[in-house]
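Since the structure comes first, as structure tokens, the remarks are kept for the end.
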2 protein chains.
Amino acid sequence: MVLVSVKDLAAWSVNAFTAVGVPKTDAESAVEILVSADLQGIDTHGVRRIPAYVARIRDGIFNPAPDISVEQRGDSAAVVDGDDGLGPVVGSFGLKTALRLAEKTGVGYVGCRNSQHFGALAPYARHATQAGFVCFLGTNAFTTMAPTGGREIRLGNNPLGLGAPRADAPPFILDIAMSVAARGKMRAAAEKGEPIPEGWALDADGNPTTDPEKGLAGFVLPIGGHKGYGLAMMVDILAGALSGGAVSTEVKSLFQQKDQPQKVCHYFIAIDPEKTIGRDAFLNRMAVLCDLMKSTTPFKDGAPVLIPGEIEARRFETRSENGIPLDPDFVDELQSMAKGAPPRAVASA
Amino acid sequence: MVLVSVKDLAAWSVNAFTAVGVPKTDAESAVEILVSADLQGIDTHGVRRIPAYVARIRDGIFNPAPDISVEQRGDSAAVVDGDDGLGPVVGSFGLKTALRLAEKTGVGYVGCRNSQHFGALAPYARHATQAGFVCFLGTNAFTTMAPTGGREIRLGNNPLGLGAPRADAPPFILDIAMSVAARGKMRAAAEKGEPIPEGWALDADGNPTTDPEKGLAGFVLPIGGHKGYGLAMMVDILAGALSGGAVSTEVKSLFQQKDQPQKVCHYFIAIDPEKTIGRDAFLNRMAVLCDLMKSTTPFKDGAPVLIPGEIEARRFETRSENGIPLDPDFVDELQSMAKGAPPRAVASA
């Protein structure tokens, strides 16, 4: 691994996008989101996604220069059509629109349709908290889960989350998928020949299994059984149905369906604490809540209770200072892409 | 069990409240919520709660005639102070305020503080959908869960939910606690001498247990581990911190701390689909989503995939027609309370 500074990483990333026709301001807002994920240590959802995003643009599937439009029928609600643009471009636009509405009226709902995979939720949540807002957000995703009692895959792991500012402390940032465990973790167990914990997956006949191969051939389970099924549907409603966009199997895969745009939908519900109970009163309440969590006696000495987002905030500081650890091969690829070369996966395809 | 008509049950219930000084309109709005729970089959959160609520009023702990106030600093956000009134009175007021804001601007956030246990979420969600709104809602609750990694109880099971209307079909209604299983289920297993499934609880030392006695002496687990911990905190933020109300252990128990008001907080985020993508377009999208779920091949013949709220909507119809099944002793007690007698638990205390 080499350590790359935020400045270099952002510059190469922006150039990798502009090289395939993404307008500079769009590239910059996408890169802000992706680099924020890397800074927080959410490595799978940061700049490593750029080759796939760029490949889809080169294939003519993602729109490099979308005409993003906003339809607004109420003072605190808007729908954004992403015109098949890059996910982080559309998502960033949607978030900023929601914050603007919330600034005016106290609350803003924005649903985004015709977007793509938009990275992790945490960067959007962090951005909102830095502007002083609470933000409840989510996105639908390519389907990997079955509805409870069903034997066909019909729901994405549909992550949802919340960002909430704290005074003199890292923001509360929740960013969670509605599946118990990612398929990637099952693949890792399968490669090591290890069993998976009960509750992660069902086999193809709907029986609980601890065999990762059977789980991979079967179904990822939602958190809390029918509860997670309902939560995943909730995200499809808030992101997809309310924006007039794609839901369930209408959402396509970034990797398995390379011939069509993904049609992912996101939602952002921003709330300005200044317009509920007042900023200071809110921050005081947050301090009481977080202190009550953190002062809980831990089960293990030296492993105190953490606030969601706390580890990521620490990483953000360290990596902002020291740089982001990246594979040298990936850095080479990104630098080449910044000069206009195709991503390797495409070159070798 | 005897079958009691909605009309009789509502009349006795309203009188049971007015007999202890609750104004008639407040009593009616509380009873609408409680009877709706019974009609939906959520028997633990319906009229059976009235004796406890009335007892707290008679003890001078709950305020029978609260001066409920609204503070509004933005066009789409408001904070309600329930003045220690009955939960369903404060909750109903909060919900209606959120719907009114959403009708004007597209979205309405209302946080309610200084309330009490307000019953199930489903009646509020159902009310919102009948008015044509999507409503994301939740409530904090007396603490029963530990934060992940901690050995002290610091979080309620903090239920959250969503109501969303459907055309020519029962509304989507999600109403779920953030715990894997209720303590009541562990007590039932303990009484039968049966083990509980892994994942329900930890023992007092933080080890997974299938012994219900050890689980009862230990900790209820949140859904999805740290995910449910984060979700329960999210509810405390949206309900408690944003309303300037009680969070975590500041919320008191209906049954264990009878000498003080509970200080429960709720939140309602109502969205008018007419002001996002338009009502018809939204309902079309809901139909596509729900049809995709319901058409999933089931694991078991004759056990089709269900939409959250579907069973409850069927019960609502049946019970509206045939009456609500109730224990004759309870009916006697309620009828006596309607005439001014104290609830039995109080009489025998």
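The values are calculated or read from the model by the stated rules, or taken from the named source; none is laboratory data. Note that the structure is a prediction, hence the values are computed from the model and not measured. Note that each Cβ is placed from the backbone with ideal geometry, even for glycine, and that neighbours are counted across all protein chains shown. Accessible surface is based on the protein model in full, side chains and every heavy atom, while ligands, DNA and RNA are left aside. Shrake-Rupley method; radii C 1.70, N 1.55, O 1.52, S 1.80 Å.
Brief remarks on what is shown
- In this calculation the C-beta distance from A:ASP168 to B:ARG187 is compared with R0 = 45 Å, giving a FRET efficiency of 0.60.
- Each residue of segment A:276-285 is assigned a 3J(HN,Hα), and the resulting list reads 9, 10, x, 4, 5, 4, 5, 5, 5, 5 Hz, derived from the Karplus form 6.51 cos²θ - 1.76 cosθ + 1.60 (θ = phi - 60°), x at Gly and Pro.
- Solvent-accessible area lost in complex, 40 Å² minimum, residues of segment B:174-218 relative to chain alone, 1.4 Å: B:LEU174, B:ILE176
- For B:ASP301, label point 7 Å along C-beta direction: distances to other copies, nm: 6.1
- Checking the Cα-Cα distances for A:LYS185/A:LYS300; A:LYS263/B:LYS300; A:LYS294/B:LYS192; B:LYS227/B:LYS294 against a 30 Å cut-off, the pairs over it are A:LYS263/B:LYS300; A:LYS294/B:LYS192.
- Dipole of chain B [Lys/Arg +1, Asp/Glu -1 at C-beta], most positive-end residue of B:VAL235, B:ILE311, B:THR105: B:THR105
- Peptides B:104-113, A:319-328, B:23-32, B:169-178 ranked from most to least packed give B:104-113, B:169-178, B:23-32, A:319-328, packing being the mean of other C-beta atoms within 10 angstrom over each peptide's residues.
- Here the relative contact order of segment B:103-172, from alpha carbon pairs under 8 Å that lie six or more residues apart, stands at 29 percent.
- Within-10-Å neighbourhood charge of A:ALA65 [Cβ basis; K, R +1; D, E -1]: -3
- Sum of -39500 (n - 2.57) over DSSP H runs of 4+, divided by residues of chain B (222 nm, nearest 500): -12000 deg cm²/dmol
- Exposure rank, largest accessible area first [A:LYS185, A:LYS294, A:LYS227, A:LYS192; 1.4 Å]: A:LYS192, A:LYS185, A:LYS294, A:LYS227
- Take each residue of peptide B:149-159, count the partner chain Cβ atoms within 10 Å of its Cβ, and average: the result is 4.
- Using a Gaussian network model of chain A in which every pair of alpha carbons under 10 angstrom is joined by a spring, one finds that among A:VAL90, A:VAL305, A:VAL47 the greatest mean-square fluctuation is at A:VAL305.
- Accessible heavy-atom area order of A:THR297, A:THR139, highest first, probe of 1.4 Å: A:THR297, A:THR139
- Peptide A:291-304, shielding by other chains (average Cβ, 10 Å cutoff): 5
- Magnitude of the charge dipole for chain A, about its Cα centre and with charges confined to Cβ atoms of Lys, Arg (+1) and Asp, Glu (-1), is about 240 debye.
- For segment A:144-293, a Kirkwood hydrodynamic radius built from all Cα pairs, placed in the Stokes-Einstein relation at 37 °C and 0.692 mPa s, yields a translational diffusion coefficient of 186 µm²/s.
- Calculated translational diffusion coefficient of the protein assembly as shown (37 °C, 0.692 mPa s; Stokes-Einstein with Kirkwood radius over alpha-carbon pairs) equals 127 µm²/s.
- Peptide ranges A:254-264, A:141-151 listed from the most packed, as the mean C-beta count within 10 angstrom indicates: A:141-151, A:254-264
- Geometric descriptor of chain A, per residue, is 150 Å³ (volume of the convex hull of the Cα atoms).
- Theoretical gain in end-to-end length, A:GLU32 to A:ASP259 [0.36 nm per residue, Cα-Cα removed]: 79.0 nm
- At R0 = 51 Å, FRET efficiency that the Cβ-Cβ distance of A:THR44 and B:LEU3 yields, to 0.05: 0.35
- Short-range pairs are left out: with C-alpha atoms under 8 Å and at least six residues apart, the relative contact order of chain B is 23 percent.
- For B:GLU198, the label point sits 7 Å beyond Cα toward Cβ; its separations from the matching points on the remaining copies run 0.6 nm, from shortest to longest.
- Think of segment A:122-187 as a dipole: +1 on every Lys or Arg Cβ, -1 on every Asp or Glu Cβ, centred on the Cα centre; then among A:THR129, A:MET178, A:MET145, A:MET145 lies furthest on the positive end.
- For B:137-146, mean number of other protein chain Cβ atoms within 10 Å: 1
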